[in-house]
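Asker: Dumping the structure here so I can ask a few things about it.
The values are calculated or read from the model by the stated rules, or taken from the named source; none is laboratory data. Nothing here was measured: the structure is a model prediction, and the numbers come from that model. Don't worry about glycine lacking a Cβ; one is built from the backbone with ideal geometry, like all the others, and counts go over all protein chains shown. Heads up: the accessible areas ignore ligands, DNA and RNA and are worked out on the full protein's heavy atoms, side chains in. Shrake-Rupley method; radii C 1.70, N 1.55, O 1.52, S 1.80 Å.
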Amino acid sequence: MSQLKYFTNGLFKENPSLVLVLGTCPTLAVTTAAINGIGMGAATTFVLVFSNLLIAALKNLIPNKVRIAAFIVIIATFVTIVDLVMKAFTPDLYATLGIFIPLIVVNCIILGRAEAFAQKSNVIPAILDGLGMGIGFTLAITLMGSIREILGNGSIFNIKLVAEDANTILIFILPPGAFITYGYLIAIMNRMKKRYNI
Amino acid sequence: MAKLDSTLKNMILSLLFISMGMSAALGFVYNLTKDPIAAANKAKEVNAVKDVLPPFNNDPTTEVRNIDNLAFYPATMDGKPIGCAVKTYTEKGYSGRFDLMVGFLPDGKINNIVVLEQKETPGLGTKMKEPKFKNQFNSLDISSLQNKELKVKKDGGSIDAISAATISSRAFCDGVQKAYNLYMKNFIPGNPEVRDTLMTKGGKR
């Protein structure tokens, strides 16, 4: 059995944002610009890979009744590490994402993968699963960030596509635009899954 | 190795072991990042001061003075005062507080303004960062305005508000006004002697 399917699983078939609909808070809140999607996605991927790794490695040392407490301690540690490292080396990105980073602790994707996958599997599949889920999440929120940035701000990755003072569809960078975009993306995703029978 | 049973002893030992390991890891990362974080914060402060003032060659961050919650960064060139950057804030923004750095020249004119931290509405209030709005404050002399007050045109003043973001524009004026009033009160540009002593000696009152 190829290990690769653990990785590809999260990319499309069980994409955490668009199929499992987990972690909707960051999906809706940070996606006002494409670069935010990449930053948030990278931070979440890092936490996901390392928490999956550690939980898979320690799974036999964690008694069942205290597993959630143990998972949260492990996840919170990696989130704090990301928080400190971003503060130190990417202060600009931290200024935009700062308030969302601590919230990765309660991101359902991470606890969900720990509970549903990592605690039952070995280290290598757990890492691949974390990586796949993380990249799937990154792709989904970067796509959402791009759509919202293009429509709402007339730019992509801060590069202006329209004239400086042109009017843009502002609602897309406001919270209602997040829900509209999210709804359409989920609908397209479902259609594609049906069409290609995945 | 089989999974540990959920006995009291196992649960306590397991959580203790995990917490200790994680604390050690955090302590290690904290030590690694402590200095870069301090350097990044300092660089942010220095850059904001540099952005709002003409060139200077002292280190205003070491001579910073705090008056009524605003931070004053006096800048000098070869010992001669060339201006003062004021870190100011307003509570009247559309989403509450935001912070500005305002650079004043010794004659009380505004040199430049940068927005430090804000949570205003993207695409509306955030336009206060753009030159179109912000540059109308450059080399503005507030003392030449009616009642020495900054006001948007809607309120009978001279500032062009950002369209659809009058609240943010008013708040911006409020923050700048606060900085100006305290600057005039404490650095008295009208009296060069007092001003020079205050500006070059920094923290002493």
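Asker: Over region B:136-182, average the accessible area per residue using a 1.4 Å probe and give it in Å², no decimals.
Answerer: I get 47 Å² per residue for this part.
Asker: Can you grab the distance from the C-alpha centre of region B:1-72 to the C-alpha centre of region A:4-66, Å, no decimals?
Answerer: Each part reduced to its Cα centre gives a spacing of 25 Å.
Asker: For the B and A pair, go ahead and give the buried accessible area with a 1.4 Å probe, both sides summed, in Å² to 100.
Answerer: Separately minus together, B and A give about 2400 Å² buried.
Asker: For region B:51-198, what are the per-bin percents of Cα-Cα distances with bins 10 Å wide, up to the bin holding the maximum?
Answerer: 12, 43, 33, 11, 1
Asker: Moving to a separate point now. What are the ³J(HN,Hα) couplings of region A:179-194, residue after residue, when phi is run through the Karplus curve with 6.51, -1.76, 1.60 and θ = phi - 60°? Round to Hz, x for glycine and proline.
Answerer: Values, residue by residue: 5, 4, 4, 4, x, 5, 5, 5, 4, 4, 4, 4, 4, 5, 4, 5 Hz.
Asker: While we're on this one: Over the heavy atoms of B:F28, what accessible area does a 1.4 Å probe trace out, to the nearest 10 Å²?
Answerer: Accessible area of B:F28: about 130 Å².
Asker: Using amide H atoms built in the peptide plane, which far-off residues or other-chain residues are under 5 Å from B:G93 H to H?
Answerer: Distant-sequence amide H within range of B:G93: B:F98.
Asker: When the Cα centres of region A:92-109 and region A:141-155 are compared, how far apart do they sit, in Å?
Answerer: 19
Asker: Dipole size in debye (nearest 20) for region B:51-198 around its Cα centre, Lys and Arg Cβ +1, Asp and Glu Cβ -1?
Answerer: About 520 debye.
Asker: Just how large is the dipole of region B:1-76 about the Cα centre, in debye to the nearest 20, putting +1 at every Lys and Arg Cβ and -1 at every Asp and Glu Cβ?
Answerer: 340
Asker: Output ³J(HN,Hα) for region B:131-147: one whole-Hz value per residue in order, computed from phi by the Karplus curve 6.51 cos²θ - 1.76 cosθ + 1.60 with θ = phi - 60°, and x for Gly and Pro.
Answerer: After applying 6.51 cos²θ - 1.76 cosθ + 1.60, I find x, 3, 8, 5, 5, 5, 8, 4, 6, 7, 9, 5, 5, 8, 7, 4, 6 Hz.
Asker: Next up: Would you work out which of B:L150, B:N57, B:G125 lies farthest towards the positive end of the dipole of region B:51-198, given +1 charges on the beta-carbon of Lys and Arg and -1 on that of Asp and Glu, about the Cα centre?
Answerer: Farthest towards the positive pole: B:G125.
Asker: Moving on. Go through A:K5, A:K194 and list them by solvent-accessible area, largest first, probe radius 1.4 Å.
Answerer: The residues order as A:K194, A:K5, largest area first.
Asker: Quick query: amide H of B:I82 versus all other amide H atoms, modeled in the peptide plane; which residues come in under 5 Å with a sequence gap of 5 or more or a different chain?
Answerer: Residues meeting the criterion, in which the H sits 1.01 Å from N, are B:A75, B:T76, B:M77.
Asker: To continue, here is another question. Which residue, chosen from B:Y89, A:G183, A:N122, occupies the Cα position most advanced towards the positive end of the dipole of the protein assembly as shown, where the dipole is computed from +1 (Lys, Arg) and -1 (Asp, Glu) charges on Cβ about the Cα centre?
Answerer: Final value for the positive-end residue is A:N122.
Asker: Between A:K120 and B:A39, what is the label-to-label distance in nm when each label sits 7 Å out along the Cα-to-Cβ direction?
Answerer: 4.7
Asker: Report, in debye and to the nearest 20, how large the dipole of the protein assembly as shown comes out about its Cα centre when Lys and Arg carry +1 and Asp and Glu carry -1 on their Cβ.
Answerer: In debye, rounded to 20, the protein assembly as shown gives about 960.
Asker: Using Cα pairs under 8 angstrom and six or more residues apart, how large is the relative contact order of region B:51-198, in percent?
Answerer: So the answer I get is 20 percent.
Asker: Based on the alpha carbon coordinates of region A:113-185, what radius of gyration and maximum Cα-Cα distance (Dmax) apply, in Å?
Answerer: Cα-based Rg and Dmax for region A:113-185 come out at 17.5, 55 Å.
Asker: Sticking with this structure for a sec: Tell me, what are the semi-axes, in whole angstrom and largest first, of the equivalent ellipsoid of region A:10-187 as set by the roots of 5 times the Cα gyration tensor eigenvalues?
Answerer: Rounded to whole Å, the semi-axes are 32, 17, 12.
Asker: HN-Hα J couplings of region A:146-157 from phi, Karplus 6.51/-1.76/1.60, θ = phi - 60°, integer Hz, Gly and Pro as x?
Answerer: These are the phi-based 3J(HN,Hα) values: 5, 4, 5, 5, 5, 6, x, 10, x, 8, 9, 6 Hz.
Asker: Which whole DSSP H helices in chain B pass both tests: a Cα extent of 20 Å or more along the axis and a mean Kyte-Doolittle value no lower than 0.5?
Answerer: Helices meeting the criterion: B:8-52.
Asker: OK, next. Looking only at other chains, what is the average number of their beta-carbon atoms within 10 angstrom of each beta-carbon in A:82-95?
Answerer: 4
Asker: Is there a simple number for the mean count of other chain Cβ atoms within 10 Å of the Cβ of residues in A:162-175, and what is it?
Answerer: 2
Asker: Which residues' amide hydrogens lie under 5 Å from the amide hydrogen of B:L140, considering only partners 5 or more residues apart or on another chain, with H built in the peptide plane?
Answerer: It is B:I110, by chain and number.
Asker: Hey, got the Cα dimensions of the protein assembly as shown along the principal axes, in Å, largest first?
Answerer: Here the spans come out as 82, 51, 32 Å, largest first.
Asker: Which of the peptides A:120-126, A:139-145 is most tightly packed, and how do the rest follow, going by the mean number of other Cβ atoms within 10 Å of each residue?
Answerer: A:139-145, A:120-126
Asker: Going from most exposed to least, what order do A:T168, A:T45 have by accessible area with a 1.4 Å probe?
Answerer: A:T168, A:T45
Asker: Considering only protein heavy atoms and a 1.4 Å probe, what is the carbon-and-sulfur percentage of the accessible area of the protein assembly as shown?
Answerer: Percent of accessible area from carbon and sulfur atoms in the protein assembly as shown: 61.
Asker: Would you check the accessible area of A:R191, probe 1.4 Å, heavy atoms only, in square angstrom rounded to 10?
Answerer: We get 140 Å² for A:R191.
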